[in-house]
Amino acid sequence: MAVTGDSLSPGPTPHPLKIFDAARKQDKFIYACAPMVRYSKLAFRQTVHQYGTDLCWTPMILAKEFNRSEFARDSDLTISTTAAQPPTILQFGANTPLELARASSLAAPFVSGVDLNCGCPQSWACAETLGAALMDQRALVRDMVTETRQRLRQDGWAVAKESDMESTRGRSVSVKIRVHDDLRKTVDFLDTVIGHPQFRNVDWVTIHPRTRHTPSTTPIFAEALEMLTQRYAATLPLLLSGDVFDLSALPIRSTRPPDPDPSTPRPSTTHLSGFMSARGLLANPALFAGHAACPWEAVETLMCKVARAPLPFKLALHHVQEMTAPGMGPDKRALLNKRERAELNACGSMLDLVDFLDAKVEEHTGRKGMRRDL
């Protein structure tokens, strides 16, 4: 694991279930940053956490490579040993119980929990029986999460779900799924993977209500989500992933009257515990702080985080390109116009990027640019 800071492990972070429990008691949603290939790196996770994101996923990491290669561990997982380390869930791609359990054992000292990817629809992943291909392997998924929990328990981690919420060694085990065309298969999958409601195999489930073959341009299947949440919300927390672009236009409505304000969804009126965003946060890291469009201060925050947890230049540039273009939500305001975005795209180095943004921050906001913080 690549580490930024002075010690070899991060400071303690709250057990993820404690975060869920605190939100439930306040009737508030949990907000999560989705696992995004290349983009869910430390600097970005720190940025979205500063703007109200409660839980941050890493990009999917292949358990087999994580187990066998120190280089893979260092390049795939970067952590912070300072207070800036957000509660982090490491998502693994795996297809055998032993590989997932071993990788989780290696990762446990550095993260708050581990998550099994059962939702990635990319053809290469499915060809390797990873991601969404696991939705047809319910017994295998059950065996992977139960062996992982057993291995973590043997290693001394607190994985007894709610009874371990107060433990500094508490760790979570979860899965992220898609749905089937025939929802009866999804129910069979979840019944098998979750297990007995009082002794469940996973701490929560993130549901992306699209099938393996549904393009992201197609709206999520609201009816499927409603059916699944009604069936399982009393058993364990459920997060929704998909089409989360704006807090004022969440892809779900309150459905359990009476509600004093039916226009404002809440956990107690939706069956959901929270929301996970990918493209929405990429365009607007301040989404969960209530910003309808990305503010300049979020760009400055990201660049300050990058200075301390470096990203490759092309990746940093892509983040800024996403943040300064029209957003994914109803508010299509852009920080830069088309001509300015062309100038941004012409930046050839990190120094060029900092100089460009320094000038634009001062030009658009009247404040001195970012160099005061870098």
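The values are calculated or read from the model by the stated rules, or taken from the named source; none is laboratory data. In this text the structure is predicted, and so the values were computed from the model without any measurement. All Cβ positions, even for glycine, are placed from backbone atoms using ideal geometry, and neighbour counts span all protein chains on display. Ligands, DNA and RNA are stripped out before the accessible areas are found, and what is left, the full protein with its side chains, is counted by its heavy atoms. Shrake-Rupley method; radii C 1.70, N 1.55, O 1.52, S 1.80 Å.
Quick rundown of the values:
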read-out	value
Highest to lowest packing among 40-50, 58-68, scored as the average C-beta count within 10 Å	40-50, 58-68
Helix 97-107 axis, angle to the chain major axis (alpha carbon atoms, nearest 10°)	40
Under Karplus coefficients 6.51, -1.76 and 1.60, residue-wise ³J(HN,Hα) of segment 40-56 in Hz, glycine/proline x	8, 7, 4, 4, 6, 4, 4, 5, 5, 5, 5, 9, x, 7, 7, 10, 10
Average silhouette area of segment 296-365, convex hull of alpha-carbon atoms, in square nanometres	4.6
Hz values of 3J(HN,Hα) by residue in segment 331-347 - Karplus curve (6.51, -1.76, 1.60), Gly and Pro given as x	7, 9, 4, 10, 5, 10, 7, 4, 5, 5, 5, 5, 5, 4, 4, 7, 4
For the chain, with +1 on Lys and Arg beta carbons and -1 on Asp and Glu, the positive-most of 336, 79, 23 along the dipole	23
Nonlocal amide H pairs with residue 91, under 5 Å, H built at 1.01 Å	58, 61, 115
Cross-link reach list, aspartates and glutamates versus residue 64, counting only Cα pairs under 20 Å and skipping chain neighbours closer than eight places	74, 76, 99, 115, 128, 143, 147, 155
Angle between the chain longest axis and helix 222-232 axis [Cα atoms, degrees, rounded to 10]	50
Accessible area per residue in Å² at 1.4 Å probe, computed on the chain	43
Segments 188-200, 97-109 sorted - mean Cβ within 10 Å per residue, highest first	97-109, 188-200
Rounded to 10°, Cα long-axis angle of helix 296-308 versus longest principal axis of the chain	80
Square roots of 5 times each gyration tensor eigenvalue, C-alpha, segment 82-132, largest first, Å	24, 14, 6
Segment 42-110 versus segment 138-207: alpha-carbon centroid distance in Å	18
Projected area averaged over orientations for the chain, convex hull of C-alpha atoms, nm²	18.5
Carbon and sulfur %, accessible surface of the chain computed with the full protein complex present, 1.4 Å	52
